[in-house]
Amino acid sequence: DAKTTQPTSMDCAEGRAANLPCNHSTISGNEYVYWYRQIHSQGPQYIIHGLKNNETNEMASLIITEDRKSSTLILPHATLRDTAVYYCIVRSLDYNAGGTSYGKLTFGQGTILTVHP
Amino acid sequence: NAGVTQTPKFQVLKTGQSMTLQCAQDMNHNSMYWYRQDPGMGLRLIYYSASEGTTDKGEVPNGYNVSRLNKREFSLRLESAAPSQTSVYFCASSERLARSLSYEQYFGPGTRLTVT
């Protein structure tokens, strides 16, 4: 799986958009970009994923560059409850020895996002 | 719909003791996973079960065993606990999304284990 590079930490004012960058310059054609977050030692929470098109859901938007070497997670109106560690993960489908597909994730250090009042 | 549940939430063991961490999911997912997270670190995969009846080693399997009891339950056993196994343990499950060749993983709340 391609490695990712994220800033260690970022700050954002409450109510403003939070834009979290991720570099994945070695991404290959069949690898997806996933974003998860972890709020204060809780279990990680899925946010969004994409392959090459931009994606939006009720939580966030994901912008993937045309060459797919980087992406940005956008939280449009950050709140204090969005303070968390955000993980950008790039991966393809995995298969076990029996040929069954599954979806393990490899977590890096992530970006600590702090939303200020 | 409880999602992924884990028991216990907290546990303190002495070196050499054994215990089993329990995990269950009610989303009818095929795949289940055990991760550990050390302070200030990302999660690392211990074992996974791609489907009922199969288990495979992840990144850090030494000192652990797993059992996929049925489709719902996936347990993690420490046979002889060591201080290096002090960590937060997360269980997760996933299913292949119909509309894409990708997975979304759902995580449990974690078990905080201290080995003294």
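Things to note:
- Which numbered condition A:I112 misses (of (1) within 14 Å of chain B (Cβ to nearest Cβ); (2) within 26 Å of B:S31 (Cβ to Cβ)): (2)
- Segments classed as strands (runs of 3 or more DSSP E), wholly inside the stretch B:5-116, with at least 1 members that are crowded, with 19+ Cβ neighbours inside 10 Å and of a type outside the set (A, V, I, L, M): B:19-25, B:31-37, B:43-49, B:64-68, B:74-78, B:87-96, B:103-107, B:111-115
- Residue that is closer than 19 Å to A:F107 by Cβ, more than 10 Å from chain A (Cβ to nearest Cβ), touching a strand residue (DSSP E or B) at 6+ places or on another chain (Cβ under 6 Å) and among the β-branched types (V, I, T), where the choices are B:V60, B:V66: B:V60
- Any hit, the stretch A:31-39, residues being in contact with a Ser or Thr (Cβ under 6 Å, 6 or more places away or on another chain) and not in a strand (DSSP E or B): yes
- Residue within the stretch A:89-99 that is among the aromatic types (F, W, Y) and touching a residue at least 40 places away in the same chain (Cβ under 8 Å) present: no
Table: residues versus (1) closer than 24 Å to B:G3 by Cβ; (2) surrounded by fewer than 16 Cβ atoms within 10 Å (Cβ to Cβ).
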position: A:I27; (1), (2): no, no
position: A:E31; (1), (2): no, no
position: A:Y34; (1), (2): yes, no
position: A:S71; (1), (2): no, no
position: A:G98; (1), (2): no, yes
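- Any hit, the stretch A:42-61, residues being open to solvent by less than 30 Å² (accessible area, probe 1.4 Å), small (G, A, S), assigned to a loop (DSSP other than H, G, I, E, B) and more than 11 Å from chain B (Cβ to nearest Cβ): yes
The values are calculated or read from the model by the stated rules, or taken from the named source; none is laboratory data. Note that the coordinates shown come from a computational prediction; the quantities given were computed from them, not determined experimentally. Every residue, glycine as well, gets a Cβ built from its backbone with ideal geometry; the counts of neighbours run over all protein chains shown. Side chains included, ligands, DNA and RNA excluded: accessible areas come from the protein's heavy atoms. Shrake-Rupley method; radii C 1.70, N 1.55, O 1.52, S 1.80 Å.
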